[in-house]
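Accompanying notes for the structure given below.
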Amino acid sequence: MPPCTISPKSFSRACPPRTRGVGLYAVLLPTPLAWLRGVAAIPHAVHSFFPQYFVSTRGLIFFVSVALPLDTPIEFLKGVGPTRAALLTQELHIRTVEDLVHHFPFRHIDRSQFYAIRDVDPDAALVQIKGKFIRLDSIGDKRATRMVGVFQDEQGDVMEVVWFRGITWIKKSIVTNEAYVLFGKPGIYRNKLQMTHPEIEKASEFAKPLKGGLEGVYATTEKLKARKIDSRALRKLIQTALPEVIGTYKDTLPAYVIKRQQLLSKAAAMQHIHFPADTSLLAAAERTLKFEELFYVQMRLLKVRANRNETVKGLVFEAIGEHFNTFYNQHLPFPLTNAQKRVIKEIRKDMGSGMQMNRLLQGDVGSGKTIVALICALIAIDNGYQATIMAPTEILAQQHYASLFELLAEMHINVALLTGSSKSAYRKKLHAGLENGQIHLLIGTHALLEDKVKFHNLGLVVIDEQHRFGVAQRSKLWKKNTRPPHILVMTATPIPRTLAMTVYGDLEVSIIDELPPGRKSIKTVHRFDSHRLQVFGFMKEEIKKGRQVYVVYPLIEESAKMDYKDLMDGYESIVRAFPQPEYQVAIVHGKMKPEDKDYEMQRFAEGKCQIMVATTVIEVGVNVPNASVMIIESAERFGLSQLHQLRGRVGRGADQSFCILMTGNKLSNEARSRMSTMVETNDGFRISEVDLKLRGPGDIMGTQQSGALNFSIADIVRDTELLDAAREEASYIYDNDPKLEHPSLQPVKLHLQQVMMRMPNWARIS
Ligand code: ADP
Ligand code: MG
């Protein structure tokens, strides 16, 4: 009897309440002999029609056709049971048969190939070799500690095979001079090729080669492996489950999309991702599943946006009033770049549209985002609303405050500053001013998120250097007004387009892709620590020309103590090399009191000292145009986007600026490519793309917490073209049939509902 895929014992538990489409056939046979024959013959005949059946031998024979429902608990799959089910759930989040078949292999290996031992590259990932053991020795006294075999291939070459565990089992089951197939990772031990703990199969059993030879490798965990659920066992389970459920897979993509994008049907993709008939079908299966995943991410984002536009009514800022006009015509300190004008227009249009604005403003460091924020704030104020600009650090908030205060000096606008170090008497007054609407523009740090801070009528929130704020903090801003204010998120870390589309896919995006005129591009070089004296010499030359210099040290929490020591040592050696009174050296770091930091920053900004030694507190936003040299110590310890941010502190004036990346002599390949990327380009978008490739998306901007990047198969770093295509198809649908009414879109509508149900609601994240 062919195996029943649900064990009979669990059958009754699994099926009655949940089976869909049961066909029940009773065959009553006349004589005992016919009955016996029938039992023998009928299952085979019936099996070809009904791959699932159950036979009762009590005189009646029932054939039951059951399409295994996808949500069948995994425990009922043959070969699983409650204990393994619990483990699978705990370790891999596999609860149902569907979860199991969606556990895709992370790569495939070619099992049609046998290697000759002499051709094996010891650095290769996994190889397969056919041959025999000519010796098997256990090493150690009574209780053998390891087992060493000498394995010879068909060419007569040998290698060592070693086991440290399961020795008794090896002794019992492996026989010398019989043909085996070994599969494992080669290595070198004492100059000899060696393999430890390979998978072993008798060559005779291996004789049935896999169709296509490609075998999926599945992620598993140590705990699972210990219970014998390794990649192979998972593959077997999937092999059992897949035929049962494959019939239930319907296409979730419209037929025209499948055709246009040259995809497989869903069922074929499911089949070939696990058990590909050949490499091209495997590629097509991957493409199909990735496309589907990316397509639904985009559909979901578009839907979130559409829902929000439907349910949330935006404040309408129609008037372009006195403040805007006065400032624009009389107080603009410089002509705006075309890019600045364009994004202001985009923002103005949003704020006047009746929808609530959620816009991301991207612009490289120094591209002039602050003035854009100010002009937008003026529009809000002209319409009788308050505005706030939130910065990630105290220093930056103060700097914004100082520069905006100056810009607005001749206008009748009340600007206030609120940070963590604002005194309570001042706060009281401030709270009152905000609540009665006397304060028009509030600049601050996280402090303004506190519940005590209430506004009279908040109309616009600008979040500067957005990635420093957590998702939860941002959503608090929504609640600062009965109707949610317009939100403008500004970031200087250019997010690669692909990532922006996914993480912020429900936001509109504006890009300032032009720097103010007259900026010279920053010259960047990489120097080793051994060249420090030359670097000091260079600093002296620049200082002689009247320039100022930043020297930045890394500071990370895990090694804070050492890092502070490095910083102080560095500071002392600089003070020695640049003695007073000719030179003045300032220092800023996180352990200092805010007022001391301030004092030092101020001295530097006013040009009273030539060198600023600092930790990364100055990373974001600080603006001292006369500073033209940025020296980054232990540059190898910084990520690319951070290096780019730091470099952005110089090159703000008309002078030629320099960035010197100091590193030790020993560098990893990755660090080397970070340095060379910095030396090669000033383009933030290019840098962020390299960054994404080097680090992967998980690290970037706390995107993990948004859950936006948990793909099961797609890879937004590599699959940019597919993402583009998916975005295009999704937008096409939304542009033409936003309610998804066309008959061809019904599968999409249905699947989208399921997708929306499963995802956390981050519609309100901006
Ligand atoms: P970021 O985009 O990094 O926040 P800022 O807004 O701090 O950049 O602007 C960087 C510098 O460029 C500031 O000194 C600012 O005054 C100046 N700036 C901004 N826009 C222009 C412009 N259109 N023309 C000349 N200088 C400008
Ligand atoms: Mg800025």
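The values are calculated or read from the model by the stated rules, or taken from the named source; none is laboratory data. In this text, all values refer to a predicted model and were calculated from it rather than measured experimentally. Here the Cβ is made from the backbone with ideal geometry for all residues, glycine too, and neighbour counts use every protein chain on show. The protein model used for the area step is the full one, side chains on, heavy atoms only, and it has no ligands, DNA or RNA in it. Shrake-Rupley method; radii C 1.70, N 1.55, O 1.52, S 1.80 Å.
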Legend entry - Residues (among the charged types (D, E, K, R) and either in contact (Cβ under 8 Å) with a residue 60 or more places away in the chain or farther than 15 Å from Met390 by Cβ (or both)) located in region 417-454: Lys423, Arg427, Lys428, Lys429, Glu435, Asp451, Lys452, Lys454
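Looking at Ala179, Ala125 in this structure, which one is in the same structural domain as Leu237 (by TED's automatic domain parsing) and either at pLDDT 90 or above or surrounded by 14 or more Cβ atoms within 10 Å (Cβ to Cβ) (or both)? Break it down into steps so the answer makes sense when it comes.
Values: Ala125 fails: either at pLDDT 90 or above or surrounded by 14 or more Cβ atoms within 10 Å (Cβ to Cβ) (or both).
Testing whether each residue is in the same structural domain as Leu237 (by TED's automatic domain parsing) and either at pLDDT 90 or above or surrounded by 14 or more Cβ atoms within 10 Å (Cβ to Cβ) (or both) leaves just Ala179.
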Inset, instruction - Just give me the residues in region 444-461 being crowded, with 19+ Cβ neighbours inside 10 Å and touching a Ser or Thr at 6+ places or on another chain (Cβ under 7 Å), in sequence order. - result: Gly444, Thr445, Leu448, Leu458, Val461
Legend entry - Close pairs from region 379-407: first more than 16 Å from ligand 1 (Cβ to nearest atom) and at pLDDT below 90, partner among the basic types (Lys, Arg) and in a helix (DSSP H, G or I), Cβ under 9 Å, at least 6 apart: Glu394/Lys597
Inset, instruction - Pull up region 198-212, narrow it to residues that are of a type outside the set (D, E, K, R), within 29 Å of Ile713 (Cβ to Cβ) and surrounded by fewer than 17 Cβ atoms within 10 Å (Cβ to Cβ), then point me to the one that is modelled with the lowest pLDDT. - result: Pro209
Legend entry - Within region 348-461, strands (runs of 3 or more DSSP E) holding 2 or more residues that are more than 29 Å from the chain's Cα centre (by Cα): 386-390, 415-418, 441-444
Inset, instruction - Return the total of residues in region 305-327 being closer than 20 Å to Leu441 by Cβ and within 29 Å of the chain's Cα centre (by Cα). - result: 0
Inset, instruction - Please verify whether region 643-652 includes one or more residues that are within 27 Å of Ala391 (Cβ to Cβ), within 16 Å of ligand 1 (Cβ to nearest atom), small (Gly, Ala, Ser) and modelled with pLDDT under 90. - result: yes
Legend entry - Asn325 being in contact (Cβ under 8 Å) with a residue 24 or more places away in the chain and not hydroxyl-bearing (Ser, Thr, Tyr): no
Inset, instruction - Might you let me know whether region 276-285 holds any residue that is buried (at least 20 other Cβ atoms within 10 Å of the Cβ) and at pLDDT 95 or above? - result: yes
Inset, instruction - Filter region 53-104 down to the residues that are touching a strand residue (DSSP E or B) at 6+ places or on another chain (Cβ under 8 Å) and hydroxyl-bearing (Ser, Thr, Tyr), then identify the one that is modelled with the highest pLDDT. - result: Thr96
Inset, instruction - Would you mind stating whether Thr370 is within 16 Å of ligand 2 (Cβ to nearest atom), open to solvent by 20 Å² or more (accessible area, probe 1.4 Å) and within 30 Å of Thr482 (Cβ to Cβ)? - result: yes
Inset, instruction - May I ask you to list pairs of residues, at least six apart or on different chains, whose Cβ atoms are under 6 Å apart, with the first in region 328-345 being part of a loop (DSSP other than H, G, I, E, B) and the second being within 16 Å of ligand 2 (Cβ to nearest atom) and open to solvent by less than 100 Å² (accessible area, probe 1.4 Å)? - result: Thr337/Glu514; Thr337/Pro516
Legend entry - Which numbered condition Thr388 misses (of (1) open to solvent by 10 Å² or more (accessible area, probe 1.4 Å); (2) within 16 Å of ligand 2 (Cβ to nearest atom)): (1)
Legend entry - Arg118, sole failed condition from (1) over 44 Å from the mean Cα position of the chain (by Cα); (2) modelled with pLDDT of 90 or more; (3) surrounded by fewer than 17 Cβ atoms within 10 Å (Cβ to Cβ): (1)
Legend entry - In region 285-337, residue nearest to ligand 1 (Cβ to nearest atom) [restricted to those that are over 24 Å from Val461 (Cβ atoms) and among the aromatic types (Phe, Trp, Tyr)]: Phe334
Legend entry - Sole residue being in contact with a strand residue (DSSP E or B) (Cβ under 9 Å, 6 or more places away or on another chain) and either open to solvent by 40 Å² or more (accessible area, probe 1.4 Å) or assigned to a helix (DSSP H, G or I) (or both), chosen from Arg300, Arg305: Arg305
Inset, instruction - List the helices (runs of 4 or more DSSP H) that sit entirely inside region 159-261 and contain at least 2 residues that are in contact with a strand residue (DSSP E or B) (Cβ under 6 Å, 6 or more places away or on another chain), within 26 Å of Phe114 (Cβ to Cβ) and not charged (D, E, K, R). - result: 203-206
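One line per residue, one yes/no per condition, for (1) in the same structural domain as Ile463 (by TED's automatic domain parsing); (2) within 25 Å of Ile522 (Cα to Cα); (3) outside any loop (DSSP other than H, G, I, E, B):
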residue	(1), (2), (3)
Glu558	no, no, yes
Lys565	no, no, yes
Tyr571	no, yes, yes
Gly590	no, no, no
Glu595	no, no, yes
Inset, instruction - Please find, within region 391-406, the residue that is most open to solvent (accessible area, probe 1.4 Å) out of those that are more than 14 Å from ligand 2 (Cβ to nearest atom) and farther than 15 Å from Ile439 by Cβ. - result: Glu406
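Across region 329-367, which residue is farthest from ligand 2 (Cβ to nearest atom) among those that are of a type in the set (S, T, N, Q) and more than 27 Å from Ser641 (Cβ to Cβ)?
Ser353
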